[in-house]
1. Take the conditions open to solvent by 20 Å² or more (accessible area, probe 1.4 Å), at pLDDT 95 or above and among the hydrophobic types (A, V, I, L, M, F, W, C) and apply them to ALA189. Does it pass?
2. Against the definition (touching a Leu at 6+ places or on another chain (Cβ under 9 Å) and under 27 Å from ALA411 (Cα atoms)), how does VAL232 come out, yes or no?
3. Select from the range 276-295 the residues that are at pLDDT 95 or above and buried (at least 17 other Cβ atoms within 10 Å of the Cβ) and list them in ascending order.
4. Suppose we keep only residues that are in contact with a Pro (Cβ under 7 Å, 6 or more places away or on another chain) and not in a loop (DSSP other than H, G, I, E, B) within the range 133-144. Which one would you say is nearest to MET174 (Cα to Cα)?
5. Among the residues of the range 326-363, write down those that are within 30 Å of ASP257 (Cα to Cα), open to solvent by 10 Å² or more (accessible area, probe 1.4 Å) and not aromatic (Phe, Trp, Tyr).
6. With the structure loaded, tell me whether ILE200 is surrounded by fewer than 23 Cβ atoms within 10 Å (Cβ to Cβ), of a type in the set (Val, Ile, Thr) and touching a residue at least 40 places away in the same chain (Cβ under 8 Å) or whether it fails that test.
7. Only one of VAL482, VAL537 is surrounded by fewer than 22 Cβ atoms within 10 Å (Cβ to Cβ), aliphatic (A, V, I, L, M) and in a loop (DSSP other than H, G, I, E, B); which?
8. Taking LYS305 as the residue in question, decide whether it is open to solvent by 30 Å² or more (accessible area, probe 1.4 Å), farther than 19 Å from GLU194 by Cα, among the basic types (Lys, Arg) and modelled with pLDDT of 95 or more.
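The values are calculated or read from the model by the stated rules, or taken from the named source; none is laboratory data. Predicted model only: the values in this text are computed from it and were never measured. FYI the Cβ positions are ideal-geometry reconstructions off the backbone, even for glycines, and counts take in every protein chain you see. Surface accessibility is based on the protein's heavy atoms, side chains included, excluding ligands, DNA and RNA. Shrake-Rupley method; radii C 1.70, N 1.55, O 1.52, S 1.80 Å.
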Amino acid sequence: MLPSGVSSLAFVSLAAVAQAATVTYNWDATWVWASPDGFARPVIGINGQWPCPKIEASVNDTVIINLNNQLGNQTSGLHFHGINQVNSPEMDGPSGVTQCPVPPGSSVQYQFTVDTPGTFWYHSHNLGQYPDGLRGPLIVHNPNDPYAGQYDEEIVMTVSDWYHTQSLDLMRNMLVTTNTRFIPPFPDAILVNEGQNANIAFNKSKTYRIRLINFSALASAMIHFDSHTMHVIATDAGYIQKESSYQLRISAAQRYDFLLQGSSRDNRNYPYLFSLDTNRDFKNASLGVTWPHNYTGYLVTDSSKPLDTIDQVSEWRPQDDSHFKNYEGQGPLANYAQLIKLDFAFCRDVNGYPRACFNNLTYIDQKVPTLYTAATTNDSNTNPVVYGQVNPFILKYNDVIQIVVNNLDAASHPFHLHGHHFQVLDRPKSGTGAWPGRDTNYAKTPVRRDTITVNPHSYAVLRFKADNPGVWLFHCHIEWHVEMGLTATMIEAPDKLQGMTFPQDDINNCKTQNLPYQGNAAGNTQNFTDTTGFITVPPTTYEG
């Protein structure tokens, strides 16, 4: 039986002689009172309930989400993290980028094909909203799973930092001129499985596939299982050659799939430990490394035995995930045609407010969603000027693109690319310095991810093929830094975006808010390179 709000319609494709399904979710976004850590506060739920439900489908299924914004006091929207939205870039979901925000009392329909299997998640990409609870797992099953037969059951686990204050207030308290050290909000607690029971019924004769997702706004999480090794089989929905790991560090927005195997020697209930990493650099003890937020759960092999032991980790030394190898053994994409070098540092706008910058420029929301500008400015859509200060880069169709991120900050940062899974060619240790400009000594079988942690005072080298026309963000996935402007925009194959049409409900949501939906960044439909009306300075009061 399907859960409330979900329907499924199966059909047979005569050409493929295969079965696919359309899975439909009818959701009202509503405020709900919850106390996952014992502190009661309003959170954003679905159909009057929280935690939010899981989206579940199989490869090549069509997923439809009918989202009705019943929040009353905030706009909203959804992004489907890790879903590349091939042939459906208008469904990616970030407000001001691929759609106008959905105002209270209005609806939007998201419809897309899940063409890649794996562990994904969905979340609001609007108003810094997902730390308020609007987030959930998105699981795409694979009938041709290369690890099928190596596990008996699968379990979805989530970890997150948690705040007792709503995001809008946290953002406004952060974006003040007195925040001279660019300090983000720090969490009040850790949540595992959104505060629900996270003990795992563990049969010693079985192997379990754990799908782990980090919902955090800021913090990475360390994980270790007492007396049981994690055998990692996927990172961010990309299969890898199996790696044995005793400790993992999962950054905000990342996912790991790993196998936990029971043993005939298992004779008690085994604890596991999550620790939130809110340190600037956990490897640098001189910075005062602390672990204030920890969670202990159990692999329960015998419910009659006590749950009274803890998992003691003397030092966190997680596996270096940049050394994982993609499952197929594919080498680096060759002969990149375009280099995009992004130097990240904190900065200030002309009014003295704390911002985050790529190449000394902070991202500034414009009036027209960027994808709408790409679709309605004719041949001018290859000119970065028409998009305003969204840090736009124009990518040619089918070119191989190399992105280099130089992290000039003293803390690590997770960077996420919409629309693609990139190859991680290099991600050296903290303190390495900026990229030297030489393409040497790269990974021979690079792991693919959609979110990569870049170490403090170091860099990462990423490659992907620009074969997915659309407008795709590249941003830090610390939510507070997104709202400080740590975002660039990839305008991919703009010649193929000309004349795109958009669903009427999206257009209606723009009209309801008197937002332009055609022309350049300011809505000029006559002279696309006329920058009059562009937003060139971030607002002094945060409104999202």
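1. Considered against the rule, which asks whether it is open to solvent by 20 Å² or more (accessible area, probe 1.4 Å), at pLDDT 95 or above and among the hydrophobic types (A, V, I, L, M, F, W, C), ALA189 comes out as no.
2. yes
3. Once the filter is applied, which keeps residues that are at pLDDT 95 or above and buried (at least 17 other Cβ atoms within 10 Å of the Cβ), the range 276-295 yields LEU276, ASP277, HIS293, TYR295.
4. The extreme case among them is GLY136.
5. GLU328, GLY329, GLN330, GLY331, PRO332, LEU333, ALA334
6. yes
7. The match here is VAL537.
8. Judged against the criteria, LYS305 is a match.
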